[in-house]
Amino acid sequence: DPRADCPPDVEVLGRSSWTLLHSIAATYPETPSRTQQADLLRFVDLFAKLYPCWVCAEDFQAYAAARVPRVASRDEFGIWLCGAHNEVNRKLGKKEFDCSKWLERWKTGPKDGRCD
Ligand code: FAD
């Protein structure tokens with residue numbers, strides 16, 4: 001790939017950022033402590049402020065202000081994040097993702113074992 005060493009464009013940055021975000025959701029505790037919940041809220045807030053694509057960051061901040069991140073459990077946060085990602089998918093004319101599948105996509109892998 002001739003662009004392998006180039007600075008990331010909005011797409012490369014987006015794919016790797018969603019991978020990080022959904023992976024954080026996948027490893028977040030099922031019953032987080034108060035501190036873990038507070039940390040995740042601060043992380044999302046700062047991530048939304050520092051995301052290095054300014055239009056993206058503005059829209060993500062607006063989304064997180066309108067629909068406050070739900071951090072009381074792994075599944076709550078995973079579904080919240082899936083909704084945030086779907087909002088961007090809609091904006092870009094991409095297919096919406098079925099949020100009942102978020103844990104399979106980002107943690108357990110498909111039942112046929114091809115990711116094991
Ligand atoms: P991506 O959207 O990067 O998704 C990667 C993989 O995640 C998919 O292949 C799929 O398996 C899985 N997935 C898809 N939807 C979901 C979901 N809802 N829940 C769980 N998993 C899912 N780009 C812009 O051009 N304009 C923007 O304003 C913009 N805002 C962004 C804001 C944020 C916070 C982030 C992280 C990215 C943003 N992007 C934006 C980038 C954009 O979302 C995509 O990452 C980029 O277009 C590459 O898309 P992709 O088709 O490779 O798949």
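The values are calculated or read from the model by the stated rules, or taken from the named source; none is laboratory data. Bear in mind that the values here come from a model prediction, so they are computed numbers and not experimental data. Virtual Cβ from ideal backbone geometry, glycine too; neighbours counted across all protein chains shown. Remember, those area values only see protein heavy atoms, side chains included, never the ligands or the DNA or RNA. Shrake-Rupley method; radii C 1.70, N 1.55, O 1.52, S 1.80 Å.
Test of understanding: among Glu96, Glu30, which residue is away from the ligand (no atom under 11 Å from the Cβ), closer than 19 Å to Trp106 by Cα, open to solvent by 80 Å² or more (accessible area, probe 1.4 Å) and outside any helix (DSSP H, G or I)? When all the criteria are applied, what remains is Glu30. Among the residues of region 37-74, those identified as in a helix (DSSP H, G or I), without any contact (Cβ under 8 Å) to a residue 12 or more places away in the chain and open to solvent by 80 Å² or more (accessible area, probe 1.4 Å) are Arg42, Leu46, Leu50, Trp54, Val55, Glu58, Ala66.
When Trp54 is tested against (1) within 29 Å of Asp1 (Cα to Cα); (2) of a type in the set (Phe, Trp, Tyr); (3) within 16 Å of the chain's Cα centre (by Cα), exactly one condition is not met: (3). Of the residues making up region 99-116, those that are open to solvent by 40 Å² or more (accessible area, probe 1.4 Å) and part of a helix (DSSP H, G or I) number 8.
Suppose we filter region 1-27 for residues that are of a type outside the set (Gly, Ala, Ser) and open to solvent by less than 100 Å² (accessible area, probe 1.4 Å); how many remain? Break it down into steps so the answer makes sense when it comes.
In the first step, residues of region 1-27 are kept if they are of a type outside the set (Gly, Ala, Ser); the result is 1-3, 5-13, 15, 18-22, 24, 27.
Subset that is open to solvent by less than 100 Å² (accessible area, probe 1.4 Å): 6, 8-10, 12-13, 18-22, 24.
Residues in region 1-27 being of a type outside the set (Gly, Ala, Ser) and open to solvent by less than 100 Å² (accessible area, probe 1.4 Å): 12 in total.
Name the residue that is nearest to the ligand (Cβ to nearest atom), counting only residues in region 33-82 that are of a type in the set (Asp, Glu) and closer than 25 Å to Leu92 by Cα. It would help to see each step written out before you state the result.
Here is the first cut: in region 33-82, the residues of a type in the set (Asp, Glu) are 39, 45, 58-59, 75-76.
Filter again for closer than 25 Å to Leu92 by Cα, leaving 45, 58-59, 76.
Numbers: Asp45: 13, Glu58: 8, Asp59: 5, Glu76: 14 Å.
Restricting to residues being of a type in the set (Asp, Glu) and closer than 25 Å to Leu92 by Cα, the top hit is Asp59.
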